């Protein structure tokens, strides 16, 4: 008797080992997309080292790092009379100085690249959560990149934007996955309040979710689904904890209420500083806001995909802020990206791990990391950026010639002068809050725009010399004024000193200084 054995039924495909599973995840297509977003971040920021506010942030960080104390008054300028001041971004400034201490200018550039990449990748992750499509989510990362280019610079603002994405992610996970995620919010705000004033926007978003989580309706293409009673209670308790977490700071209530001061006690700051001005819809980003908003509206109407109430509310908040203040383009991109990705999630087949190609992904990831390394600027390239935007040679001239006294400096160079010429207190710099409170910002802007007799400000503040951008209207005017003599000029800067005898005659003509 012959027995026949069917070997086909006894053979099974061996299950992948733990190492194979880890390898497939490490070299997956979503990881590749994250690396590509990191490459975009590096190449987008490689020429963005110099920001006018970088230098005074660095100086404040140095002061805190070296003394262990937060400055509570202005000791960097002579025009405010050492007015009380709160370094409301103190923790970010300490971090920046720490990176500078470790790696100099390249250390700061590394921070910029890491933060920019973290923002783009985190928006990609948030978009993947909303759309449940890791491939479509790439559009979310690119949308965030497009609008973020308004503010990608070495500034505490980037930490605020990253924490905004984390807040939105925790709210989503608390709603869609497990309400325990909401308990991460207080920790976020305890960190946020010490890093950047944008925590106020985060609080507003949390408050908005407290409202929408209690509503349930369906009206046309708009709907709201009520959260479970347990999730509502958790969100409310976490929100109260967020408010209390704001007091976990070395300053106290003044730091927690700083955003209110910005919008209600800094009118000149909001009126004069470009990034606080209304959005220019003729610009590329302005057109982008119009197109993205229109695309979301069309997708809802044509695809018949319903929009959640919280999504609509967030979009309206983002649009309002962006139209009012161009710097809020960053916020609009973060808010709109995951909503857009959810609406287009059906247009590209979702990622399937079984159809992935880890070896090809690994090769492309290696290529992406190489591109990022190539794009990272050398110390020499960064030095050239600093030289291009700052009055380095003029500062050397002032120091070598021993020019002293009261200096009136170009606004955009105030921060650099604080860092590079610390022995000379500045007239004004990027700490617009304190110069707004003391009236110095308004005086300077009217003088710079020649909206009043230019010599009056020079007499009122008893200016001894001026360091100005070479081709500004006030510099051209001083060249025609007998009381002032141009002693230095290069392709960027000009230095003017007062002629003492003629200045006395000018004072008599103008009358006593205010």
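The values are calculated or read from the model by the stated rules, or taken from the named source; none is laboratory data. In this text, all values refer to a predicted model and were calculated from it rather than measured experimentally. Neighbour counts run over all protein chains shown; Cβ positions are idealised from the backbone, glycine included.
Against the conditions (1) within 22 Å of residue 190 (Cα to Cα); (2) outside any loop (DSSP other than H, G, I, E, B), where does residue 248 fall short? Just the number, please.
(2)
Restricting the search to the stretch 441-461, which residues are crowded, with 19+ Cβ neighbours inside 10 Å, within 19 Å of residue 275 (Cα to Cα) and in contact (Cβ under 8 Å) with a residue 40 or more places away in the chain?
Answer for the stretch 441-461, where residues must be crowded, with 19+ Cβ neighbours inside 10 Å, within 19 Å of residue 275 (Cα to Cα) and in contact (Cβ under 8 Å) with a residue 40 or more places away in the chain: just 441.
Could you please give the count of residues in the stretch 224-235 that are in contact (Cβ under 8 Å) with a residue 60 or more places away in the chain and either surrounded by 15 or more Cβ atoms within 10 Å (Cβ to Cβ) or assigned to a helix (DSSP H, G or I) (or both)? Can you show your working first?
The initial filter retains those residues of the stretch 224-235 that are in contact (Cβ under 8 Å) with a residue 60 or more places away in the chain, namely 224-225, 234-235.
Cutting the leftovers down to either surrounded by 15 or more Cβ atoms within 10 Å (Cβ to Cβ) or assigned to a helix (DSSP H, G or I) (or both) gives us 224, 234-235.
Qualifying residue count, the stretch 224-235: 3.
Taking the stretch 256-303 on its own, how many of its residues are within 19 Å of residue 331 (Cβ to Cβ) and in contact with a strand residue (DSSP E or B) (Cβ under 9 Å, 6 or more places away or on another chain)?
1
Anything in the stretch 19-72 that is over 22 Å from the mean Cα position of the chain (by Cα) and under 30 Å from residue 86 (Cα atoms)? List them, or say none. Step through it out loud before you land on a result.
Of the residues in the stretch 19-72, the ones over 22 Å from the mean Cα position of the chain (by Cα) are 19-33, 63, 65-72.
Selection gives 63, 65, 66, 67, 68, 69, 70, 71, 72.
Only one of 338, 377 is buried (at least 18 other Cβ atoms within 10 Å of the Cβ) and more than 20 Å from the chain's Cα centre (by Cα); which?
Numbers: 338 fails: more than 20 Å from the chain's Cα centre (by Cα).
Unique residue meeting the criteria: 377.
Tell me, please, whether a residue that is surrounded by 15 or more Cβ atoms within 10 Å (Cβ to Cβ) and closer than 28 Å to residue 364 by Cα can be found in the stretch 50-57. Explain how you work it out, then say what you get.
Taking the stretch 50-57 first, the residues surrounded by 15 or more Cβ atoms within 10 Å (Cβ to Cβ) are 50-57.
Filter once more, keeping what is closer than 28 Å to residue 364 by Cα: none.
Among the residues of the stretch 50-57, not one is surrounded by 15 or more Cβ atoms within 10 Å (Cβ to Cβ) and closer than 28 Å to residue 364 by Cα, which makes the answer no.
Go through the stretch 385-401 and give me each residue that's exposed (fewer than 15 other Cβ atoms within 10 Å of the Cβ) and within 29 Å of the chain's Cα centre (by Cα).
Listed by number, the residues that qualify are 387, 388.
Where residues in the stretch 261-271 are in a helix (DSSP H, G or I) and more than 19 Å from the chain's Cα centre (by Cα), which of them is surrounded by the most Cβ atoms within 10 Å (Cβ to Cβ)? Break it down into steps so the answer makes sense when it comes.
Taking the stretch 261-271 first, the residues in a helix (DSSP H, G or I) are 261-265, 267-271.
Those still in the list that are more than 19 Å from the chain's Cα centre (by Cα) too: 261, 264-265, 267-268, 271.
Details: 261: 16, 264: 9, 265: 11, 267: 12, 268: 19, 271: 13.
Checked the stretch 261-271; the qualifying residue surrounded by the most Cβ atoms within 10 Å (Cβ to Cβ) is 268.
Looking only at the stretch 290-301, which residues are touching a residue at least 24 places away in the same chain (Cβ under 8 Å) and surrounded by fewer than 16 Cβ atoms within 10 Å (Cβ to Cβ)?
Just the residues of the stretch 290-301 that are touching a residue at least 24 places away in the same chain (Cβ under 8 Å), to begin with: 292-293, 295-296, 299-301.
If the condition is that a residue be touching a residue at least 24 places away in the same chain (Cβ under 8 Å) and surrounded by fewer than 16 Cβ atoms within 10 Å (Cβ to Cβ), then 295, 301 are the ones that fit.
If I ask for residues that are in contact (Cβ under 8 Å) with a residue 40 or more places away in the chain and farther than 18 Å from residue 498 by Cα, which ones from the stretch 382-410 would you list?
Correct list: 382, 383, 385, 386, 388, 389, 390, 391, 393.
Can you tell me which residue is nearest to the chain's Cα centre (by Cα) among those in the stretch 131-142 that are within 18 Å of residue 332 (Cβ to Cβ) and surrounded by fewer than 24 Cβ atoms within 10 Å (Cβ to Cβ)?
Within the stretch 131-142, the match that is nearest to the chain's Cα centre (by Cα) is 142.
When you scan the stretch 84-101, do you find a residue that is outside the structural domain of residue 168 (by TED's automatic domain parsing), in contact with a strand residue (DSSP E or B) (Cβ under 9 Å, 6 or more places away or on another chain) and touching a residue at least 60 places away in the same chain (Cβ under 8 Å), even just one?
Taking the stretch 84-101 and keeping what is outside the structural domain of residue 168 (by TED's automatic domain parsing), we get 84-101.
Okay, now just the ones that are also in contact with a strand residue (DSSP E or B) (Cβ under 9 Å, 6 or more places away or on another chain), so 84-85.
Imposing the further condition that a residue be touching a residue at least 60 places away in the same chain (Cβ under 8 Å) reduces the set to 85.
Taking every residue of the stretch 84-101 in turn, at least one turns out to be outside the structural domain of residue 168 (by TED's automatic domain parsing), in contact with a strand residue (DSSP E or B) (Cβ under 9 Å, 6 or more places away or on another chain) and touching a residue at least 60 places away in the same chain (Cβ under 8 Å).
Take residue 125 and tell me if it is over 24 Å from residue 241 (Cα atoms), modelled with pLDDT of 95 or more and in contact with a helix residue (DSSP H, G or I) (Cβ under 8 Å, 6 or more places away or on another chain). Spell out the reasoning first.
Numbers: over 24 Å from residue 241 (Cα atoms): yes; modelled with pLDDT of 95 or more: yes; in contact with a helix residue (DSSP H, G or I) (Cβ under 8 Å, 6 or more places away or on another chain): yes.
The answer is yes for residue 125.
Please go through the stretch 266-282 and give me each residue that is touching a residue at least 24 places away in the same chain (Cβ under 8 Å) and under 18 Å from residue 319 (Cβ atoms), ordered by number.
Answer for the stretch 266-282, where residues must be touching a residue at least 24 places away in the same chain (Cβ under 8 Å) and under 18 Å from residue 319 (Cβ atoms): 275, 276, 277, 278, 279, 280.
Could you list all residues from the stretch 302-325 that are surrounded by 22 or more Cβ atoms within 10 Å (Cβ to Cβ) and more than 21 Å from residue 171 (Cα to Cα)?
322 - this is the single residue of the stretch 302-325 that is surrounded by 22 or more Cβ atoms within 10 Å (Cβ to Cβ) and more than 21 Å from residue 171 (Cα to Cα).
Could you list, in sequence order, all residues of the stretch 297-337 that are assigned to a loop (DSSP other than H, G, I, E, B) and either under 14 Å from residue 201 (Cβ atoms) or in contact with a helix residue (DSSP H, G or I) (Cβ under 9 Å, 6 or more places away or on another chain) (or both)? Quick ask: steps written out before the conclusion?
Taking the stretch 297-337 as the starting set, the residues that turn out to be assigned to a loop (DSSP other than H, G, I, E, B) are 304-306, 325.
Answer for the stretch 297-337, where residues must be assigned to a loop (DSSP other than H, G, I, E, B) and either under 14 Å from residue 201 (Cβ atoms) or in contact with a helix residue (DSSP H, G or I) (Cβ under 9 Å, 6 or more places away or on another chain) (or both): 305, 306, 325.
For the stretch 276-289, enumerate the residues that are in a helix (DSSP H, G or I) and either loosely packed, with under 12 Cβ neighbours inside 10 Å or in contact with a helix residue (DSSP H, G or I) (Cβ under 9 Å, 6 or more places away or on another chain) (or both). Even if it seems obvious, please write down each step before you answer.
Filtering the stretch 276-289 for residues in a helix (DSSP H, G or I) gives 276, 284-289.
Result: 276, 284, 285, 286, 288, 289.
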